[in-house]
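Notes for the one structure printed next.
Just so it is clear, none of the values below were taken in a lab; they were calculated from the coordinates. If you're wondering where the values come from, they're calculated on a predicted model, not measured in any experiment. All Cβ positions, even for glycine, are placed from backbone atoms using ideal geometry, and neighbour counts span all protein chains on display.
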Amino acid sequence: MPYPGSSTHREAEIFARSRMVGTIGWGGVAVLALLLVAPTLLTLTLRRIPQLDLLFESVTFHLVVMTAIASCALLVAVFTAVVAARSRRPEPVLLAMACVSIGLLMLGHGLTTPGIGDRPMNLWVGRLPVLAVALFALFLIASMTEEKGHLKRLVGRYPRGSLAAVTGGLALFTLVIVVSPTALLGDRPFPGESAVNRTVLVTSIIALLVAGGVHWRRWRLGGDRIQFALMLACWLSVDAMVSFEAGHLWRLSWWDYHVYLLAGFAAAAWAVAAKSRRTQGLDHALSGISVADTMAHIERGHPEALHALTAAVEAKDRYTHGHSKRVAEISTLMGMRIGLDPNTLRGLARGALLHDIGKIGVPDLVLNKPGRLDDEERDWIEAHPVVGWEIASQIPSLRDALSAVRHHHERWDGTGYPDRMKGEAIPISARIAAVADVWDALTSDRAYRKAWDPERALDHIVSSREALFDPLCVEALIDVMAEQGLGPGQVVADPAALMAAAAECHSSHRRARRDLERTGRRRG
């Protein structure tokens, strides 16, 4: 949304950076390279150097491996099905469907292998792994769509029936194929099978890359090991499909795909079992599956020390009750608009939540004084970022929050405190938290005034860009507010109101007046 005085360059910059919201960050790129590039190179190397691509033909061992993969996948499916039956949320149901698809169809793949019993040569032994991974990708992607998605809405309305239908249908289909592998065109290819197979493979790989990226990002935000395990299952399934397609039957280049699938689903089964034991309940262990909100994932990963400090500052100041959480939520939305990577976003949310922790050391009479503060009282207020930084710096798990805690009262033109930092020298998390802090301060009741109307508050912040606030952060706030139907006015806010608001947001009257004079000269 444009605003008075915005520049094309700045608009292009925030748009380009906002496209990074769905990215996985450099850490994700490194993991993706490790999990995808390295295995692919291994497969291609084995195919290029036949002496290394050793032959190992054993239908019995193949069945054992398939049974192990199916068992791990079905174990996760059972866990998630139990949670789905209780919560009636579509996400665990769809995850259960995804794992059931892998479990039943890969078991069918093992049992249809020619040489197992009297199984004849058939095409289903090659089709089932592709179908299994395709359904796994389909149900995972469906679980990440918005609530209005048709499949998600159907599953949400009939969770138990949907899961029963998919499980029963796949079980019956697998049984038919295992009993008669040549049934349903198992003895001959259907028209265009090669092209269809290639299309399904490519589509499944793309879907799994996307789904793995989502789980990777969620893990980085909240540290949930189940999200990490699901990322492994997705990206190792991609490896499996590449190896399945490019590998040589019964040689190492082909056995690779079994290893990748087993590793991915064994990791998922272990993560679910371990977390449910640690949290003493499946519901809590798998509750993150139903969470799509970024802030919710960050909150799930908060260390206990953060909760304790937040409770302490809220008990200290009745105004702060709810303020810190609102600032953290607005900051997170702004950070997503700007395109912060998950690590920075997590640190921003924690820092915004703790930004006023230093007020523990400010006397109540100063915090709640209805009138103007004198110089000594102002010194108490302006010391709180450093005091908060000193408190938080004693806790290693809060290291990523320190910059927002210490610098959220620095100003774009260098007139802030405590370190008089200027411009982009101020950490980005602090620049974002500064805007969010002022927004919530202006739109909330204070001891010395009533809350401003949102439109008036937004006008104040827009008029203070390049003086008090980073213009990029102001644009991010405008975008966030636009989603709520709010926008800045077409006129500059009243100078007297701006000066009063700047003072109320912990800037001295002298500094606020200087900011206004500078803004007036620039506009003149």
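Worth a mention:
- In range of the label at Val179: residues from the stretch 38-81 whose backbone nitrogen is under 14 Å from the point 7 Å along Cα→Cβ: none
- Stretch gain in nm, segment Ala482-Glu146, where the contour uses 0.36 nm per residue and the Cα spacing is subtracted: 118.9 nm
- Each Lys or Arg adds one and each Asp or Glu takes one away; over the other residues whose Cβ falls under 15 Å from the Cβ of Trp235, this sums to +1.
- Those residues of the stretch 61-76 whose amide nitrogen sits under 15 Å from the label point placed on Ala273, 7 Å along Cα→Cβ: 68-76
- Magnitude of the charge dipole for the stretch 23-290, about its Cα centre and with charges confined to Cβ atoms of Lys, Arg (+1) and Asp, Glu (-1), is about 840 debye.
- Computed from the C-beta positions of Val202 and Val386 and an R0 of 41 Å, the FRET efficiency is 0.15 to the nearest 0.05.
- For the peptides 325-331, 227-233, 249-255, residues were scored by their other Cβ atoms within 10 Å and the scores averaged per peptide; the highest-first order is 227-233, 325-331, 249-255.
- Distance (nanometres) between label positions extended 7 Å along Cα→Cβ at Ile360 and Asp375: 3.1 nm
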